[in-house]
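Worksheet for the structure shown next.
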Amino acid sequence: MTAVLENPAHLEPGPEETGREQHPQRPVLELVPSSRREDVQATTELTAEQIEELGRRLDAIRDRVLAERGASDAEYIRGVIRKQRALEIGGRALLFAGVLPPAWIAGTAMLSIAKILENMEIGHNVMHGQWDWMRDPKIHSSTWEWDNVSSSAEWKHSHNYMHHTYTNVVGKDRDVGYGILRLSEEQRWTPYYLGNPLYNFLLSLFFEYGVALHDLEVEKVVAGQKPLSRVWEQVKSIGRKTGRQILKDYVAFPALAGPFFLPVLAGNVTANLVRNVWSHAVIFCGHFPTGAVQFTEEQLEDESRGEWYVRQLLGSANLDGGRFFHLMTGQLSFQIEHHLFPDLPSNRYAEIAPEVRELCREYGLEYTTGPLWKQYMQVLGTINRLALPNGKR
Amino acid sequence: MFRSAPGTTSRGRGLLAAASALTTPLLPEDFLTLVDPLWSTTSLRGRVVARRRETGRAVSVTIEPGWAWAGHRAGQYLGVDVDGVRFTRSYSLTSPEGAEHLTVTVQEVDGGAVSPTLVRDLPIGTIVELEQAAGEFTLPDPLPEKLLFVTAGSGITPVMGMLRTLDRAGTMPDVVLVHGARMPEDTIFRAELAGLAARHPSLRVVLRHSAVSGRLDPAVIDTVVADRADRTVYACGPDGLLDALEGAWDGVVAERFTPPARATEGTGGTVDLGGGDVVVEPGQSILEAGEAAGKLMPSGCRMGICFGCVLPLREGKVRDLRTGEAHGEPGDLVQTCINSSCGPARIDLP
């Protein structure tokens with residue numbers, strides 16, 4: 001089926017012009033069957049010129065932010081890092097008094113927030129190279145290691161390269177289902193996928209391990225497309241990082257607490273679970289709520305800069321919320337802006353979001369956004385639906 | 001490169017290793033430095049504790065070094081954030097060896113990226129990144145009986161470090177300093193030099209002002225310093241002066257301060273720098289291009305002297321901006337500060 005693109009209002013063609021064959025230009029992006037075809041309204045009948053013009057206008061936003069980057073941005077990330085570390089120290093200190101329930105709750109909450117900030121606003125964004133321009137060796141994509149069992153080197157390949165290049169391309173972007181779930185009708189159904197809702201639940205609890213295994217590309221190993229030596233290297237790296245995290249959170253800190261071993265252990269386990277469930281929810285809401293579009297490999301051929309931008313726009317979805325919420329999502333609540341400009345400093349996404357949204361309105365492209373609970377319900381709905389063979393509504 | 005920990009004892013290192021099990025993937029010091037950034041053992045930092053204006057264009061900055069400081073002899077690199085971006089430059093230390101605080105004296109360079117910030121806008125309390133002192137332009141050991149220092153402009157700074165060291169140790173040998181500056185008011189350390197000369201009969205200071213009596217050259221110095229031929233000569237200043245001295249006399253120990261003119265012909269191209277493509281403009285060094293692209297590049301003097309910036313060339317050739325000569329074989333260590341690419345090349349980062 002051909003998805004229908006609403007034309008920008010000011011370019012409204014006469015009825016006789018809407019037919020593809022009569023269009024003077026080849027429709028460049030032929031948007032695809034997503035997991036919920038009938039909901040995909042934003043597809044494009046934009047001409048190649050319009051798409052390139054949109055690309056130039058987005059480039060102009062990017063250039064402006066690059067030119068403005070300076071001391072206040074540097075102070076922003078340094079401030080977040082300072083606060084995150086202070087929260088972590090404070091949370092762990094409170095947990096040592098964790099036999100008292102209020103101290104346990106406050107300590108666990110602080111540690112959970114610290115871990116979320118560390119992974120999302122700091123780790124994810126530093127490893128994207130958003131702060132490389134500062135040339136501070138302590139805050140640089142080539143030196144950063146995060147509190148996650150996936151090593152930064154592996155993650156930079158699977159996320160920065162694979163996911164950000166092949167965003168929402170079924171079969172290429174391994175974030176579509178993480179090699180575990182069925183998230184697109186384009187993925188052939190097998191009885192294995194009856195477990196979709198269960199796999200998703202487990203994935204959200206153990207998300208950091210899911211991310212690490214995701215780097216491993218198990219299905220390629222099974223298909224014999226990946227040398228075992230490379231797999232072994234990755235397994236060792238995951239093992240090392242897992243070992244260090246377990247030693248720190250589940251052995252060393254509880255042991256330091258002596259008689260209060262158990263409350264500290266429980267607090268640390270909880271903080272890791274909270275971080276996992278939260279990041280899973282935020283990340284899944286970035287690409288799979290209703291309205292976010294998926295693509296086929298054919299569409300990647302000869303893709304222009306403008307078309308790349310349109311694919312990033314349509315394949316991503318934002319989340320509505322306040323400043324603290326955006327911080328806690330690592331500004332991935334501005335997933336659309338992040339996908340357009342993955343290496344701009346995250347604190348700038350909020351400021352450019354209205355401009356991007358206005359551009360989308362002008363070009364008749366859907367700017368998918370909504371509250372977290374609503375987007376997450378849609379994601380869960382898709383996951384449940386696709387557990388079944390046709391999974392259509 | 002970023003994780004060296006000079007000045008840490010092996011017992012200290014053991015403790016740190018144990019503590020790092022609690023801070024993985026960070027280091028204990030990443031938390032310690034929340035309290036005081038100077039407590040780092042892996043990055044050498046300093047805190048600006050005083051500033052003194054020397055001339056209209058030069059300022060001395062006194063820095064309290066952090067835990068990782070290993071003491072100094074001469075030559076010092078300093079990293080300072082200018083509008084959020086870290087720049088490193090090398091400035092000669094002017095404080096005496098063994099001093100508790102270190103001092104660099106910086107003269108503003110027109111259009112410079114770093115010196116205007118250091119001279120005009122570096123509040124007390126600013127944390128600066130440092131590198132351990134390095135450099136060959138140091139007092140000889142043992143001291144020769146008779147010394148001649150020839151300096152011009154900010155070339156006085158490393159010599160001032162030496163004179164202060166001699167003064168502090170109370171071992172001033174027979175020294176003549178011939179120093180050129182444009183005008184009397186441009187003469188850095190004028191009052192202090194006069195004071196030193198008054199205190200040490202064995203020190204003679206000759207100040208020349210180029211706007212009044214012309215530039216320094218070997219002939220002028222020979223007329224002022226009758227026993228010049230008996231003296232060990234140390235010289236620091238602009239290229240023209242040093243070239244003239246080296247051409248006229250033997251055995252001059254020289255340190256160059258001004259980067260030489262640059263060739264642009266046949267330079268530039270795209271370099272794969274540590275796995276990412278960086279465009280090097282014609283006439284631009286690989287170091288400048290890499291830094292502009294946000295790469296973490298080792299660097300030092302930025303003029304081809306200290307070899308602090310060398311990186312292994314893996315593919316392609318580079319071109320020396322000083323001579324215009326193309327060179328380089330796979331595996332060669334190239335000085336990124338004075339080489340541009342010539343066509344595509346690949347260079348590894350540390």
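The values are calculated or read from the model by the stated rules, or taken from the named source; none is laboratory data. Nothing here was measured: the structure is a model prediction, and the numbers come from that model. All Cβ positions, glycine included, derive from the backbone under ideal geometry; neighbour counts span all protein chains shown. Surface accessibility is based on the protein's heavy atoms, side chains included, excluding ligands, DNA and RNA. Shrake-Rupley method; radii C 1.70, N 1.55, O 1.52, S 1.80 Å.
Placing R0 at 25 angstrom, the Cβ-Cβ distance between B:Ala113 and B:Glu265 gives a FRET efficiency of 0.50 after rounding to 0.05.
Per-residue surface analysis assigns A:His339 an accessible area of about 0 Å², computed on protein heavy atoms at 1.4 Å probe radius.
Only DSSP H runs of four or more residues enter the estimate; each adds -39500 (n - 2.57), and after division by the residues of the protein assembly as shown the mean residue ellipticity at 222 nm equals -11000 deg cm²/dmol. Annotation: per residue accessible area for the protein assembly as shown equals 43 Å², rounded to a whole number [probe 1.4 Å, protein chains only].
Interface area, chains A and B: about 2300 Å² of buried accessible surface, summed, with a 1.4 Å probe and ligands, DNA and RNA left out. Separation of the alpha carbons by more than 31 angstrom is noted, of A:Lys138/A:Lys248; A:Lys138/A:Lys220; A:Lys115/A:Lys156; A:Lys172/A:Lys241, for A:Lys138/A:Lys220. In order along the stretch A:67-82, the Karplus-derived 3J(HN,Hα) couplings, from 6.51 cos²θ - 1.76 cosθ + 1.60 at θ = phi - 60°, round to 5, 8, 3, x, 4, 6, 5, 4, 5, 4, 5, 5, x, 4, 4, 4 Hz, and Gly and Pro are given as x. Its Cα gyration tensor gives the protein assembly as shown an equivalent ellipsoid, and the semi-axes of that ellipsoid, as √(5λ) in whole Å with the largest first, are 58, 32, 22.
Modelled spin-label separation between A:Ala97 and A:Ala67, with each label point placed 7 Å from Cα along the Cα-to-Cβ direction: 5.3 nm.
Remark: the Cα gyration tensor places the stretch A:305-393 in the oblate category, a/c being 1.5 or greater and a/b not exceeding b/c. Take the Cβ atoms of A:Arg361 and A:Thr296, set R0 to 35 Å, and the FRET efficiency comes out at 0.85. Spin-label pair A:Leu198-A:Asp59: with each label point 7 Å from Cα along the Cα-Cβ axis, the two points sit 5.2 nm from one another. On C-alpha positions alone, give me the angle between the axis of helix A:305-315 and the longest principal axis of chain A, in degrees, nearest 10. Computed tilt is about 60 degrees. Each peptide in A:221-228, A:356-363, A:375-382 was scored by the mean count of other Cβ atoms within 10 Å over its residues; highest first, the order is A:375-382, A:356-363, A:221-228. Toward the positive end of the charge dipole of the protein assembly as shown, with +1 on the Cβ of Lys and Arg and -1 on the Cβ of Asp and Glu, the farthest Cα among A:Leu95, A:Ser304, B:Pro344 is that of A:Leu95. For the protein assembly as shown, the share of accessible area belonging to carbon and sulfur comes to 57 percent (1.4 Å probe, ligands and nucleic acids excluded). Rg over Rh for the stretch A:194-288 works out to 1.07, using Cα positions for both radii and the Kirkwood form for Rh.
For B:Val206, the residues whose amide H sits under 5 Å from its own are B:Leu177, B:Val178, B:His179, ignoring neighbours fewer than 5 places away on the same chain, with H placed 1.01 Å from N. Based on the reciprocal of the average 1/r between different C-alpha atoms, the Kirkwood radius for chain A equals 22.3 Å. Here the Karplus relation 6.51 cos²θ - 1.76 cosθ + 1.60, evaluated at θ = phi - 60°, turns the backbone of the stretch B:307-323 into coupling constants of 6, x, 10, 5, 9, x, 7, 9, 9, x, 10, 10, 10, 6, 6, 7, 10 Hz, with x for every Gly and Pro.
Ranked from largest, the principal axis spans of the Cα set of the stretch B:196-264 equal 50, 28, 21 Å.
Annotation: the antiparallel percentage among DSSP beta bridges lying fully within chain B is about 60.
Once the cut-off is 34 Å, how many percent of the Cα-Cα pairs in chain B end up in the long-distance tail? Roughly 33 percent, once rounded to a whole number. In this calculation the C-beta distance from B:Glu325 to B:Asp83 is compared with R0 = 30 Å, giving a FRET efficiency of 0.25.
Here the stretch A:182-257 and the stretch B:205-219 have alpha carbon centers that stand 73 Å from each other. Using the Cα coordinates of the stretch B:1-148, the gyration tensor eigenvalues translate into equivalent-ellipsoid semi-axes of 30, 21, 12 Å, sorted from longest to shortest. When DSSP beta bridges are restricted to pairs lying wholly in the protein assembly as shown, around 60% turn out antiparallel. For the residues of A:128-138, the average number of beta carbons from a partner chain within 10 Å of their own beta carbon is 6. Near B:His101: Cβ cut-off under 15 Å, other residues only, Lys/Arg at +1 and Asp/Glu at -1. The net charge is +3. For the stretch A:371-382, putting each phi into the Karplus relation 6.51 cos²θ - 1.76 cosθ + 1.60 with θ = phi - 60° gives couplings of x, 3, 4, 5, 5, 5, 4, 5, 4, 4, x, 4 Hz, in residue order, rounded to whole numbers and with x for Gly and Pro. A convex hull fitted around the alpha carbon atoms of the stretch A:143-196 yields 86 Å³ per residue.
When its C-alpha radius of gyration is set against 2.2 N^0.38 Å (N residues), the stretch A:173-221 gives a value of 1.09. Note on B:Thr171 and B:Leu122: the model spin-label points, each 7 Å out from Cα along the C-beta direction, lie 3.0 nm apart. Amide H to amide H distances under 5 Å link A:Asp136 with B:Arg86, where only residues 5 or more positions off or on other chains count and H is placed in the peptide plane.
Mean partner shielding of peptide B:20-32, defined as the number of other chain Cβ atoms within 10 Å of each residue Cβ, is 5.
Summarising the amide proton neighbourhood of B:Arg51: residues at separation of 5 or more, or on other chains, whose placed amide H is nearer than 5 Å comprise B:Thr62. Packing around the peptides B:199-212, A:118-131, taken as the average count of other Cβ atoms within 10 Å per residue, puts them in this order, highest first: A:118-131, B:199-212.
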